[in-house]
1. Which residues does the label zone of residue 44 cover in region 176-190, counting backbone N under 14 Å from a point 7 Å along Cα→Cβ?
2. I'd like the accessible area for residue 156: 1.4 Å probe, protein heavy atoms, all chains in place, Å² to the nearest 10.
3. When all protein chains stay in place, what accessible area (Å², nearest 10, 1.4 Å probe) is found for residue 192?
4. Mind putting a number on the dipole of the chain about its Cα centre? Charges go on the C-beta only, +1 for Lys and Arg and -1 for Asp and Glu, and I need it in Debye to the nearest 20.
5. Pull up the DSSP beta bridges for region 98-238 and report the antiparallel fraction as a percent, rounded to 5.
6. Given the pairs 7/209; 127/224; 163/213; 118/224; 7/118, which span a C-alpha to C-alpha distance of over 24 angstrom in this model?
7. Using a 1.4 angstrom probe on the protein heavy atoms only, could you order 7, 209, 219, 224 from most to least accessible area?
8. Per the Kirkwood treatment, what hydrodynamic radius in Å, one decimal, follows for the chain from the mean inverse distance over all distinct Cα pairs?
Amino acid sequence: MTKPAYKRVLLKLSGEALMGDDPFGINRATIERMVADVAEISRLGVELAIVIGGGNIFRGVAPGAQGMDRATADYMGMLATVMNSLALADAMRQVGITARVMSAIGIEQVVEPYVRPKALQYLEEGKVVVFAAGTGNPFFTTDTAAALRGSEIGAEIVLKATKVDGVYTADPKKDLNATRFSTISFDEAISRHLQVMDATAFALCRDQKLPIKVFSIVKPGALKNVIMGADEGTLVHV
Ligand SMILES: Nc1ncnc2c1ncn2[C@@H]1O[C@H](COP(=O)(O)OP(=O)(O)OP(=O)(O)O)[C@@H](O)[C@H]1O
Ligand SMILES: O=c1ccn([C@@H]2O[C@H](COP(=O)(O)O)[C@@H](O)[C@H]2O)c(=O)[nH]1
């Protein structure tokens with residue numbers, strides 16, 4: 001069997017994708033499907049850290065947060081990612097994968113705090129590490145948390161698993177004429193204002209020379225294809 005293309009990766013899972021066809025929250029069948037994909041690559045020996053979004057529960061810039069103090073709303077969004085992280089780690093436990101959740105905000109009765117050397121130790125031990133509460137700071141997103149933690153742990157690549165199968169010339173959910181890039185540079189993605197990831201995340205990955213692969217978490221086998229180095233999704237590169 002061919003070997004995985006990467007030894008250590010940071011996987012960013014879309015919070016919104018967790019809803020499946022439900023209007024909000026966590027759809028059981030969807031999380032189980034995602035975890036089956038994640039378990040498959042963990043069993044290949046790939047060191048895996050995960051950041052999960054919170055869009056299925058709360059977003060600081062959502063209409064539901066209108067009139068709220070932005071920082072307060074953002075802390076609520078970060079707490080939403082803690083809930084998703086706990087659900088994800090528990091679903092992994094149920095299929096025999098050991099996961100550790102580490103939070104960027106102090107919430108020690110619930111999950112352990114993020115301590116970089118500890119996270120590195122867990123990865124070396126073959127445990128999956130789930131980074132919760134984003135960067136721990138308001139005015140950021142979990143995409144930026146993925147770029148930050150990916151850089152900190154020395155990941156070879158950030159894998160953005162989302163509801164679309166790559167980076168398009170425009171949002172493919174709104175523009176049916178949008179076409180997909182197979183590769184695109186960070187500078188072009190930033191200058192075209194492509195909204196698939198926020199510019200802060202793109203800029204951090206560019207500066208750290210950390211490539212990003214954007215691909216569909218909904219497509220069966222796509223995560224495994226990416227891990228095996230197959231042609232899948234869009235590569236964002238320096
Ligand atoms: N140029 C583009 N190419 C691809 N997708 C785009 C583009 N512009 C906007 N999008 C949209 O970006 C979305 C990215 O969604 P995703 O849910 O992964 O991000 P997110 O905002 O980080 O979610 P969450 O916060 O729930 O993790 C896609 O669903 C897609 O519709
Ligand atoms: O570092 C961070 C990460 C997230 N937030 C807030 O949480 C929500 C949910 O994250 P998504 O990346 O949108 O899934 C986000 O909208 C922010 O409100 C944050 O403040 N800081």
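The values are calculated or read from the model by the stated rules, or taken from the named source; none is laboratory data. Keep in mind that this is a model prediction, so the values were computed, not measured. Note: ideal-geometry Cβ built from the backbone for every residue, glycine included; neighbour counts use all protein chains shown. Side chains are part of the model used for accessible areas, which takes the heavy atoms of the whole protein and leaves out ligands, DNA and RNA. Shrake-Rupley method; radii C 1.70, N 1.55, O 1.52, S 1.80 Å.
1. none
2. 80 Å²
3. Rounded to the nearest 10, that gives 110 Å².
4. Details: 26 positive and 26 negative charges, 69 e Å.
Here the chain has a charge dipole of around 340 debye.
5. 20 percent
6. 118/224, as the Cα separations exceed 24 Å there.
7. 209, 7, 219, 224
8. After inverting the pairwise mean of 1/r, the radius is 17.7 Å.
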